[in-house]
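Enquirer: What follows is a structure written as structure tokens; I'll ask about it next.
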Amino acid sequence: MDQKQPSSTATMKDVAEQAGVSTATVSRALMNPEKVSAATRQKVEQAVIAVGYAPHGLARNAKRGDTQTILVIVPDICDPFFSEIIRGVEVTAAQEGYLVLIGDCAHQDQQEKTFLNLMLTRQIDGMVLLGSQLPFDAGLEDQRNLPPMVMGNEFAPEMALPTVHIDNLTAAFEAVNHLLQLGHRQIACITGPEHVPLSQYRLQGYIQALRRSNIAIDANFIVRGDFTFEAGASALKQLMSLPQPPKAIFCHSDLMALGAINQARKLGMRIPQDLSVVGFDDIELAQYYDPPLTTVAQPRFEIGREAMLLLLDELQGKRVSSGSRLLDAELRVRGSTAPATKREK
């Protein structure tokens, strides 16, 4: 029988249909061959070859640790926030002789099968997930047969993965509290996407800080963004068109904060005299912007480092709990925030 070349279009479902078994069985046969019968394994292997589903992966030794390669899944490679986290992963991985591949989730529809195939055919030993969702559709049965995974930066309890992150709710509360202590009362919030867990925590921090000061939550003061410069600019325009626009803004990312400041300037506003702005992340540009941005500094390198150390523990067979490890965040007060004017008080 002629062997087909590996096909980029062949999927695990194709293999399952060819072999007459479920996708979970295919996954198990590829990932944990000792868990299926010899007859099933042979059927799956023949189907893999028949449909051209990455047969080179099957030639690998079934033991983990062969490839010395880790996959890091990034929600958006263009967001400078992730650069230091990736560096933390890479430096730590290199010390143990691991190569790091980076997958960009922003185009996950095209990449979906690629990521899953890498994992199911054991071309990677483990994965560091920097977002809150797997970059492919895998049921719980499939997930159990995937190589070890850890989360860095996000916290999604339903994923039941070892996690390294900061306390986003408390950090957001402190950022908004800084504005309150400056005398601000009309404080808006430019949030991240609703489906991203850390956006929910940061929004809760904003709401709790205002409630603590007996300030009513104004739905018009909460605008959804997507962590981009453009989203910050667009949200600022929307907020400034209100009959009573805010005098201070808490943004869920530095990029959105810088976009908001840029747009405010175009409208003739002075920062911080007319508008105080707080960001989140402390990307490198934040301290060099004019004015330098008040923001929540995340220990980005340490998040990457700790996530990789957790993954190394898993790869070495050590027992790793699926709980979360909290790292400290810190509010860095710079020039983009100032006391409220008497009019606002």
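Each reported figure results from applying straightforward, stated rules to the coordinates on display, with no laboratory input. Note that the structure is predicted; figures quoted are calculated from it, not measured. We place every Cβ from the backbone using ideal geometry, glycine too, and count neighbours over all the protein chains shown.
Enquirer: Test of understanding: extend the Cα→C-beta vector of residue 244 to 7 Å, then name every residue of the range 168-193 with backbone N under 12 Å from that spot.
Expert: It comes to 185-187, nothing else.
Enquirer: Run the dipole for the range 168-298 about the Cα centre, Lys and Arg Cβ at +1, Asp and Glu Cβ at -1, nothing else charged, and hand back the magnitude in debye, nearest 20.
Expert: Values: 10 positive and 11 negative charges, 104 e Å.
Dipole about the Cα centre, nearest 20: 500 debye.
Enquirer: Below 15 Å Cα-Cα, how many Lys pairs turn up in the range 186-345? Only count pairs eight or more apart in sequence, or on different chains, if you could.
Expert: Values: 237/247; 237/266; 247/342; 247/345.
Value for the range 186-345: 4.
Enquirer: Apply 1/(1 + (r/R0)^6) to the Cβ-Cβ distance of residue 160 and residue 95, taking R0 = 30 Å, and write down the FRET efficiency to the nearest 0.05. If you can, show how the numbers build up before the last one.
Expert: Values: r = 28 Å, r/R0 = 0.93.
For R0 = 30 Å, the calculated efficiency reads 0.60.
Enquirer: Can you pull the one-decimal nm distance between simple spin-label points at residue 87 and residue 22, each 7 Å off the Cα toward Cβ?
Expert: My value for the distance between the label points is 4.6 nm.
Enquirer: Label points 7 Å out from Cα along the Cβ direction at residue 269 and residue 324: separation in nm?
Expert: 3.1 nm
Enquirer: Amide H neighbours of residue 152 under 5 Å, counting only residues 5+ apart in sequence or on other chains, H built in-plane at 1.01 Å?
Expert: Under 5 Å from the amide H of residue 152: 129, 130, 164.
Enquirer: List every residue whose amide H lies under 5 Å from the amide H of residue 224, counting only residues 5 or more places away in sequence or on a different chain, with H placed 1.01 Å from N in the peptide plane.
Expert: Close amide H contacts, sequence-distant or interchain: 191.
Enquirer: Placing +1 at every Lys and Arg Cβ and -1 at every Asp and Glu Cβ, with all other atoms neutral, what dipole size does the range 12-51 have around its Cα centre, in debye to the nearest 20?
Expert: On the way: 5 positive and 4 negative charges, 23 e Å.
Approximately 100 debye in magnitude.
Enquirer: For the range 291-303, take each phi angle, set θ = phi - 60°, evaluate the Karplus expression 6.51 cos²θ - 1.76 cosθ + 1.60, and give the result in whole Hz per residue in order, putting x for glycine and proline.
Expert: x, x, 8, 6, 7, 8, 7, 8, x, 5, 4, 5, 4
Enquirer: Further question on the same structure: Read phi for every residue in the range 76-91 and hand back ³J(HN,Hα) as whole Hz from Karplus 6.51 cos²θ - 1.76 cosθ + 1.60, θ = phi - 60°, with x for Gly and Pro.
Expert: 7, 5, 7, 7, x, 4, 7, 4, 6, 5, 4, 4, x, 5, 5, 4
Enquirer: Amide H of residue 69: which non-local residues (sequence gap of 5 or more, or other chain) have their own amide H closer than 5 Å, using H built in the peptide plane?
Expert: 99, 125
Enquirer: Next question, about the same structure. For the range 168-298, what does the alpha-carbon gyration tensor say about shape, rounded, prolate or oblate, given a ≥ b ≥ c as the root eigenvalues, a/c under 1.5 as rounded, and a/b over b/c as prolate? Provide the component values of the computation, followed by the final result.
Expert: Numbers: a/c = 1.29, a/b = 1.11, b/c = 1.16.
Rounded is the answer for the range 168-298, as its axis ratio a/c remains below 1.5.
Enquirer: In sequence order, what are the phi-derived ³J(HN,Hα) couplings for the range 178-191 according to the Karplus relation 6.51 cos²θ - 1.76 cosθ + 1.60 with θ = phi - 60°, rounded to whole Hz, with x for glycine and proline?
Expert: Residue by residue, the range 178-191 yields 4, 5, 5, 5, 7, x, 6, 10, 9, 10, 9, 9, 9, 9 Hz.
Enquirer: In what sequence, highest mean first, do 256-263, 210-217, 334-341 appear when ranked by Cβ atoms within 10 angstrom?
Expert: Numbers: 256-263: 24.9, 210-217: 12.5, 334-341: 17.8.
The peptides rank, most packed first, as 256-263, 334-341, 210-217.
Enquirer: As an exercise, use a Förster radius of 45 Å and the Cβ-Cβ distance of residue 288 and residue 32 to find the FRET efficiency, rounded to the nearest 0.05.
Expert: Details: r = 50 Å, r/R0 = 1.11.
After rounding, the FRET efficiency stands at 0.35.
Enquirer: Then there is this: Quick one: putting +1 on the C-beta of Lys and Arg, -1 on the C-beta of Asp and Glu, what dipole do you get for the range 142-237 around its Cα centre, in Debye to the nearest 20? The partial results should precede the final answer.
Expert: On the way: 7 positive and 9 negative charges, 73 e Å.
My answer is approximately 360 debye.
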